[in-house]
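The numbers here are math on the coordinates, done by the rules we state, and not lab data. These figures come from a predicted structure and were not determined experimentally. A quick note on method: Cβ atoms are made from the backbone with ideal geometry, for glycine too, and the neighbour counts reach across all protein chains shown.
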Amino acid sequence: MENSMTRRTFLTATAAAAVGPIILRAQDKAGTKLPITGTGEHTYEMIHDWGQLPSHIKYGNTHSVVEDSHGFIYVHHTVHATSQSGDAVVVFDDKGKFVRSFGSMFRNGAHGMHLQKEGRDEFLYFCDEKHGIVTKRTLKGEEVWTRGYPQESSPYEKGPGKPGLNYRPTNIAIATTGNFWVADGYGSYYVHHYDKNAKLLNTFGGPPPGSAPGRGGPGREGRGEGRGQGAAQAAAAQSQAQTAQTPQTQAQTQGEAAAPGRGRGTGPVPAPIENMNNPHGIWLDERDPSKPVLLVADRGNRRIVRYTTDDKPIDIVEGTLAPCHFHTQKGVMVVPDLQCRVTLYDKDNKVITHLGDGAYAGRQNQLRVATDRSQFEPSKFITPHGAWFDRAGNIFVGEWVEIGRLTKLRRVSA
């Protein structure tokens, strides 16, 4: 059995950006005013390509972004093949000036990143889906611990691959007690619950009985990867239904058939609440500190599911198309949605507004792999994957595009 605490080394590379550094600007490339998105007190100026990325680093898919207590912004990306540096973590100050980079061990596998304050210190937790590890690091990247394949979990006890289960962790949630949860979003669709000493307490979720995990759900990141069971039938039903849809409706349902759940009309029936299809994001929601709730972005089933902290499903939060992850601040929750938008929820989990809704209707995949940044339309998101509130209430959004894109939503007065 593999020891849960292991050291591993591996590399990252960043996505191809335009020649030279990406500069934080007060205006867009045409010299006009920056686009505005949102409504009322949740109105934001959209600053695309924020941050002075040095020329030796080229972004790959910009999967995650967080801010530390000093105002430094951390971006976790897969690294482009043409990047001179393999560092998968880039750090900026609050003005967008490059500070440092590290994390070449995460090359190509960089995915989830979580920042946690523990006493006087802060730590970064990374999920690397390619190399199958979760690791705790200092803010400068020094390893504290690394956890590999969860072979102590009964569904995984036969080991990785045939006849066992694959393990490709996507995100981590951490309680103030030190307990944590790891979502196997791209592997076998289970969530693992550990105590503060990394002892496994429980494994829950997984695909419905009689089905097998696929490799994603709507917009699965990766190359040439298949879909879950039932996808072919669902895709046929969706194709027929889309002939009568408007372009906007098509954009909202794009990728829906990849999941064995939450279809419309003659599509697949909703999956049981206790089952998962690509549990991509996971977060401990402590907006009500007296009653913390675990949130799972069950992306393949196009839903957010709330769980108790002892892993029992509570209910479903509606309003997303392909939810990726979460962050909360002052009663508001931000959810990056892979289907072209970012959604804000109030403390009662009601939708406040959708930000930067691209509604691309068929162009999303073309734009996602574009090599020319000028093809990205100002004011419109393509594939939001990670989002984080900074201390001032601005929102940083990283997108799953091959040349990376980091957008700052600067909060403005209503």
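Which of the residue pairs Lys330/Lys350; Lys291/Lys312; Lys33/Lys97; Lys199/Lys291; Lys58/Lys97; Lys136/Lys199 have a Cα-Cα distance greater than 19 Å in the structure shown?
Lys33/Lys97; Lys199/Lys291
For the stretch 132-179, a Kirkwood radius taken over Cα pairs fed into Stokes-Einstein (25 °C, viscosity 0.890 mPa s) yields D = 197 µm²/s.
Stokes-Einstein diffusion for the stretch 271-414, with the hydrodynamic radius set to the Kirkwood value over Cα pairs and evaluated at 20 °C in a medium of 1.002 mPa s, equals 137 µm²/s.
Round to the nearest 0.05 the FRET efficiency obtained for Thr82 and Asn365 when R0 = 25 Å and r is the Cβ-Cβ distance.
Efficiency, from the Cβ-Cβ distance: 0.75.
Could you let me know the centre-to-centre spacing of the stretch 340-367 and the stretch 129-153, using Cα atoms, in angstrom? About 31 Å separates the Cα centre of the stretch 340-367 from the one of the stretch 129-153. As a length-normalised measure over Cα pairs under 8 Å and 6 or more apart, the relative contact order of the stretch 291-414 settles at 17 percent.
Here the simple spin-label model places points 7 Å from the Cα toward Cβ, and for Val144 and Asp121 these points are separated by 0.6 nm. Proximity of backbone amide H atoms, modeled 1.01 Å from N, is registered between Arg100 and Val91 at under 5 Å, excluding neighbours fewer than 5 places apart on the same chain. For Gly386, nonlocal amide neighbours, meaning residues 5 or more places apart or on other chains whose placed amide H falls under 5 Å from its own, are Gly398. According to the Kirkwood relation over distinct C-alpha pairs, the hydrodynamic radius of the stretch 356-414 is 12.3 Å. Taking the average, over residues, of other Cβ atoms within 10 Å as the packing measure, peptides 35-41, 406-412, 79-85 rank 406-412, 79-85, 35-41 from highest down.
Could you give the length gained by full extension between Lys33 and Asp315, i.e. 0.36 nm per residue of separation minus their alpha carbon distance, to one decimal place? Difference between extended and current length: 97.3 nm.
Taking the number of Cβ atoms within 10 Å of each Cβ as an exposure proxy, the fewest-first ranking of Val369, Val397 is Val369, Val397.
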